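*Asks:* Here it is: the structure, laid out below.
The numbers here are math on the coordinates, done by the rules we state, and not lab data. Not measured: the values here are computed from a predicted model. Don't worry about glycine lacking a Cβ; one is built from the backbone with ideal geometry, like all the others, and counts go over all protein chains shown.
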Amino acid sequence: MTEQLGLTSIQVRDFGSINELDAYLAVFSRNAKFEEVVGALGIIRDAEQNPAEAAFASVCSSLQKSKLPIPTKINSVEGGEFKTGVFILPDCSSPGMLENLCLESVGDKPEVHCLEDYFACIEKRGGTLPRNMTKAKAFAFLAAQDLNEPLIGTAAKAKIWPWEHPAFAMLQNFLRALNNA
C-alpha cells in the first residue's frame, strides 16, 4: 500500500505478535541511529476481539516503557520534533483486524459470496470451524485466487487487494500523515 501511495519515506517493519511489541520497541528505539533515521514512528496493530481503545492503551503502554512519545488519541500523528501515531485495525473503533478491511475491499467478488456457504457446509457436516473466522475467510478467498501462498502479504504483492477501495481510506490517511510528519 505504501508503494502504491508513493510513500517512499515510510519503512514498514514487522514487530511480530502483540506480545513482542515491548521488546521490539526497546531494541529499536535504542539503536544509535534511531533518531537520525526516524522522524516519526507509527504503530499499526489489530484490535483483535477487543475494543480499539484497549489495543490503543496497550500500544501506549509499550511506548511509555521505551520512553517514546505517546499520542493522545488513536489515528493521529502527534509530538514535537519526533512524532508518534497509532492506528488500530480495522477502523480505530471496531474489534477486528487487517483481514476485515481486505475482505471488505473485495466484498463484491463471487468468491466472497461463497464463503458463508463453504463454512456453513463444514458446520453442517460436523467439521471443525476455525477459531478465527475472519482470518479463515480471508485465507479461503485467497486460496481461490491461484496464489502459491494464500497470505495477506503475498496477496498484496500480487495486487489482489484493491488499495483504492474506500475500506482502506482511513488507513491510507494515517500513512500519509506519518509520511508528512
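*Asks:* Expressed in nm to one decimal, what extension gain is obtained for the pair F34 and N180 from 0.36 nm per residue of sequence separation less their Cα-Cα distance?
*Replies:* Numbers: separation 146, 0.36 × 146 = 52.56 nm, distance 1.81 nm.
Extra length from F34 to N180 when fully extended: 50.8 nm.
*Asks:* So, one more: Loop-only chymotrypsin sites (Phe, Trp or Tyr not before Pro) in region 80-181, please: DSSP not H, G, I, E or B, and at most 15 other Cβ atoms within 10 Å.
*Replies:* Details: sites: F82, F87, Y118, F119, F139, F141, W163, F168, F174; in loops: F82, W163.
For chymotrypsin sites (Phe, Trp or Tyr not before Pro) across region 80-181 that sit outside H, G, I, E and B with at most 15 neighbouring Cβ atoms in 10 Å, the list reads F82.
*Asks:* Restricting to DSSP loop positions (anything but H, G, I, E, B) with no more than 14 other Cβ atoms inside 10 Å of their own Cβ, which GluC sites (Glu not before Pro) remain in region 44-146? Don't skip to the end; give the middle numbers.
*Replies:* On the way: sites: E48, E53, E78, E81, E99, E104, E111, E116, E123; in loops: E81.
Answer in residue order: E81.
*Asks:* Between T8 and D117, 0.36 nm times their residue separation minus their Cα-Cα distance comes to what?
*Replies:* On the way: separation 109, 0.36 × 109 = 39.24 nm, distance 4.13 nm.
Here the answer is 35.1 nm.
*Asks:* Under the rule of at least 5 residues apart or a separate chain, name every residue whose amide H is placed under 5 Å from the amide H of N75.
*Replies:* Those qualifying (amide H under 5 Å, at least 5 residues apart or on another chain) are V86, F87, I88.
*Asks:* I've got another one for you. So which of K83/K159; K65/K157; K67/K135; K135/K157 end up more than 29 Å apart, counting from Cα to Cα?
*Replies:* On the way: K83/K159 31 Å; K65/K157 34 Å; K67/K135 34 Å; K135/K157 18 Å.
Pairs exceeding the cut-off: K83/K159; K65/K157; K67/K135.
*Asks:* I need the trypsin sites (Lys or Arg not before Pro) found in region 100-132, filtered to DSSP loop residues with at most 15 other beta carbons within 10 Å of theirs.
*Replies:* Working: sites: K124, R125, R131; in loops: R125, R131.
Sparse-neighbourhood loop trypsin sites (Lys or Arg not before Pro): R125, R131.
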